Every structure is written in C-alpha cells, then in structure tokens.
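The values are calculated or read from the model by the stated rules, or taken from the named source; none is laboratory data. This one's a predicted model, so the numbers in the text were calculated from it and none came from an experiment. Ideal geometry is used to build each Cβ from the backbone, glycine not excepted, and the neighbour counts take in all protein chains shown. We work out accessible area using only protein heavy atoms, side chains counted, and drop any ligands, DNA or RNA first. Shrake-Rupley method; radii C 1.70, N 1.55, O 1.52, S 1.80 Å.
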Amino acid sequence: MAEAIFLEQQLQTETRVQGFISRSHQHYIDGNWVSSVSGKSAFRGKDWRQMSPQARSTLIWRLADLMADHLEELAQLDSIDMGMPIRQAQYGTTPMAVDHMRYMAGWATKIEGETIPVSAGNFFNYTVRQPVGVVGAIIPWNFPLLMAVWKLGAALAAGCTVVLKPAEQSPLSVLRLAELVTEAGFPPGVVNVVTGYGPEAGAALVAHPGVNKVSFTGSTEVGKSIMRTAADRMARVSMELGGKSPNIICADANLKRAISGAMLGIFMNQGEVCSAGSRIYVAREIYDQALEQMGDYANRMRVGNPLDPKTQMGPVVSEEQYQRVLGYIDSARREGASLVAGGETLPEAGSGFYIKPTVFANVTDTMTISREEIFGPVVAVMPFDDLEEALERANSSEYGLAAGVWTENVRTAHYLAQNLEAGTVWINAYHIYDAAAPWGGFKQSGFGREMGHHALELYTEIKDVWINLQ
Ligand code: NAI
Ligand code: MG
C-alpha cells in the first residue's frame, strides 16, 4: 500500500515536471514570464531593502518551505537537465539547497554593525552594513539549483535584489524556483531570471551600469573576463572558479575509507564539480594496492540513466563537455600515462554523453591531466615518498579550492591542514558541505566566501557614521 502511494506520488511529480518543461519560460522579470528584458524594479529595490529584517527572513524561510514541498520536482528537473544521479539530487543537493535558504533566512535578522571607540575627538562612531544593491548572479550548470541558492540566500538576507543568469545548459530548476519566489510572496522584481548564452546574456548583465555587484561561479577564464569588464565601473565581484584539488593518502590511512572517499571525491556528479579531487597522491608503500582497489571501484560503478535510483554516475552535461573530457583522456594516453580503468565512452548506457569512470597511473606532474581542470570523471593517481614532497606537489597548482588528506596521525593531519593552499581542507573525508561552513578558493580558484556568515560580506557595504558630541 505504502509503495502504491509512493509510486502514485512519483508519477504525479513526473507529470508536473513534464508539464513545466513543455511550457515556454524565457525570462522571469518583475514576477512575470517575458520574452525580452526591460524590467526595472530590481534596480529600484527600495521596498526590499526597507522591509524589516524579520519580514525578509520570513519570506526567505517561506521560500525554503516551498522548495521542501517541491523537493522531488526540483530534484528531477536538475537530474533531467544536466544528468545528475537522481539519488544525489533527492538526498544531497536539493535538501542542501533548502537548508541553505533556512540558514540564510536566519541571518537576515543578525546583520549587525559595531560601535568604534575612536580617539579623534568626542565622537560617537558606529558602522552599519548596507546591501550592496543589485546583484548579477551568474551560475554554472553542474549544480543548477544549489549554485543559485548559494547566491540568492545571502544576497536576499542582506537586502539585495538579484538578477540571476542560469547556465544555458541547465536553466530549468532555477526557472521553477522563480515561480516559487512569487508563490512565497516576495515583491515583484526582487528575484529575476535572465536566460541566455554567456557571451550575450551573461556579458550584458556584467556590463549593465545598474548592476552593483557580480557574483560568479564558473570557469577561471570567464571569471577573469568578468573582472576586466567590472573593473571599468568598479563593480564589486566575487569569484568561485575552477580547481585541480589534491587528495593525499598517507601510508597510515584507513585504506578502505580512503579509497571510497577518494573515488567519491572524483566521481561524484560525473567529476563535474569545482572541488573534484582530481589529483590523488598515494604513499608509495601502499600505491600498488590502492591503485588496484581504485580500478576495481571505478569498474564497479553503475553508470546509466540519471533518473534510475540505482545509478551512481550519469552522463556528462553536453556534447561540448564530452569532447573536452575525451580530449583530456587522449592527451593522457599520448603523454604516456597508463590506463587503470575506464578511458572510453559507454554508448550502451543510453542516448546521453556517457564516459566510464577513468583512472590513470604513471602520471607525471607536468602532464596535461595533472595540471588542467578536466571537469569530468578522470583522475590521475601518483605515488609520493615523503610528506614534504606530497605537500609541495599538491600546492604546485595555479588553483587552490579544496584538498583532502587521509591519515590516522593527528600531527600529519594538522600539519597538512595548516600548509595546504586551499580554501577547504577535508581530513578523512571529502565533499562535505554545510550552509554554516565558508566555501571559496585560494589563488586562481577565486576569492570571496559563499556559505557561512562570511557570505554576507559579499553582499553588503560597510558604512561608518561619525556623530559630533562636542
Ligand atoms: P563557463 O565559465 O563558460 O560558464 C559558466 C557560466 O558563465 C554560464 O552561466 C555561462 O553562460 C556564463 N558565461 C560564459 N561566458 C560568459 C561571459 N563572457 N560573460 C558572462 N558570463 C558568461 O563554463 P563552461 O563553458 O560551461 O565550462 C567550461 C569549463 O569551465 C569546464 O570544463 C570547467 O573546467 C569549468 N567550469 C568550472 C565550474 C566551477 O564550478 N568551478 C563550473 C562550470 C565550468
Ligand atoms: Mg564557456
């Protein structure tokens, strides 16, 4: 009986999802679907910033509740749109998006200033944090809903209005979210969605004189071009960019946990993760053993239709990405790496762009696959002889987003946590995220921290006030 009810609900959700997809959506401006962009109320934004923090908080929380009510639907939209395994969408990213909204709803009432004991004379000096204004949020296709929410939550809590541009490959869940924003009762124009290609819609948003701040997640190359444009009018920017994250497995690690953690670290979401652990350094004494287990793990992974609950890895997002990843696999072969698992496509899995989980050994530090972000299910596994060497090689990347360490030695753990050049270090874990924990990069992985209260800094300006008491 329970099963029948569950199946019935599942079917209803699928019908709703298909209904949503079959309608035309285009842009969402001022609470309406429109075919061209002329909405101006995001640029007024006064109603929203003047609303009491508690009223803002209540609306953000209400949006989170609506997202929770439509969780299955939002999960299916992401899964259909970009190939995310449905289990990951249902139990990972979509609940995380709801939690994130709730966490940020709480902050709306807690954005405080300071009183400053100045010595310049008899003055009362205090600060206030004011919303930066109109935020242009540009997001990638790898976690469509979650990336939108990471920007929206903090921006809305801070009192900003937002023009959100989803990636052209995967706009569906964000468009559905825009409808939920209206249903939650937000004033029109607080959250707007502009769809389109990067060089057109994205670039126009960045160049728009009314946009005070650009919050970007995507490739380092596009991040740099956005900074150049934003520089002309000194628009604020924050950047969450690419990575080439190292994962270090020490000889004293719990090997079973380390292998499954490192494999999750690279293959989660088909490797289409900014923080994918794409360089694995293994202590030489356990290297052969680890490599064999990694090969087995990769070969056992269930790759297939993302809507099938048993699927562990879906197809990559697009033909462009498929060709890019296959190009990296070719480069590894040409440059002399040896294939341990995968290395080929999987046409029998269905009509998507399927690539087998791929593990390479005999990779040197100068090979293309150990330097460039692949953004696909391909990992380089390399031996190391001592910790200093592992650290130096881990840090010899232009990127610095995340890093993983597997060891049972507390001194090694703290030493590497202190010295790895990365915005996040996981010890005996990988791909753990929480709304309260700051997230962002060192070096060319970007700057600014999304998540945690640090995210509010991206969407507020500090104003200092002097009152002459003389
Ligand atoms: P991309 O950086 O071109 O796209 C990300 C977002 O930026 C999309 O919404 C896109 O429409 C927009 N965009 C593109 N060009 C723009 C421009 N000139 N001005 C304003 N907005 C623009 O990423 P793409 O081409 O989808 O993927 C290429 C590579 O980038 C991937 O293989 C991966 O290495 C990296 N990437 C990294 C991501 C991350 O989370 N760190 C996310 C997506 C891609
Ligand atoms: Mg691009």
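Numbers for the structure displayed
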quantity	calculated
Qualifying residue in segment 238-247 (condition: open to solvent by 10 Å² or more (accessible area, probe 1.4 Å), away from ligand 2 (no atom under 16 Å from the Cβ) and of a type in the set (D, E, K, R))	no
Spans of strands (runs of 3 or more DSSP E) in segment 301-413 with at least 3 residues crowded, with 22+ Cβ neighbours inside 10 Å and more than 16 Å from ligand 2 (Cβ to nearest atom)	358-361, 378-384, 402-406
Some residue of segment 260-274 being within 16 Å of ligand 1 (Cβ to nearest atom), open to solvent by 10 Å² or more (accessible area, probe 1.4 Å) and within 30 Å of residue 345 (Cα to Cα)	yes
Options 213, 165, 151: the member that is within 7 Å of ligand 1 (Cβ to nearest atom), on the phi < 0 side of the Ramachandran plot and open to solvent by less than 10 Å² (accessible area, probe 1.4 Å)	165
Residue 179 vs. criteria among the charged types (D, E, K, R) and either within 14 Å of ligand 1 (Cβ to nearest atom) or buried (at least 16 other Cβ atoms within 10 Å of the Cβ) (or both)	yes
Filter result for residue 427 (touching a residue at least 12 places away in the same chain (Cβ under 8 Å), outside the structural domain of residue 273 (by TED's automatic domain parsing) and among the β-branched types (Val, Ile, Thr))	no
Hey, residue 432 out of contact with any Asp or Glu (no Cβ under 7 Å at 6 or more places or on another chain), within 23 Å of residue 266 (Cα to Cα), open to solvent by 70 Å² or more (accessible area, probe 1.4 Å) and not hydroxyl-bearing (Ser, Thr, Tyr) or not	yes
Some residue of segment 453-460 being assigned by TED's automatic domain parsing to the domain that holds residue 279, open to solvent by less than 20 Å² (accessible area, probe 1.4 Å) and aliphatic (A, V, I, L, M)	no
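Each row is one residue, and each column tells you yes or no for (1) out of contact with any Gly (no Cβ under 8 Å at 6 or more places or on another chain); (2) away from ligand 2 (no atom under 16 Å from the Cβ).
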| residue | (1), (2) |
| --- | --- |
| 189 | no, yes |
| 195 | yes, no |
| 205 | no, no |
| 209 | yes, yes |
| 227 | yes, no |
| 253 | yes, yes |
| 258 | yes, yes |
| 263 | yes, yes |
| 281 | yes, yes |
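Residues checked against (1) open to solvent by less than 10 Å² (accessible area, probe 1.4 Å); (2) touching a Lys or Arg at 6+ places or on another chain (Cβ under 9 Å); (3) in contact (Cβ under 8 Å) with a residue 60 or more places away in the chain:
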| residue | (1), (2), (3) |
| --- | --- |
| 42 | yes, no, yes |
| 47 | no, no, yes |
| 55 | no, no, no |
| 60 | yes, yes, yes |
| 67 | yes, no, yes |
| 77 | yes, yes, yes |
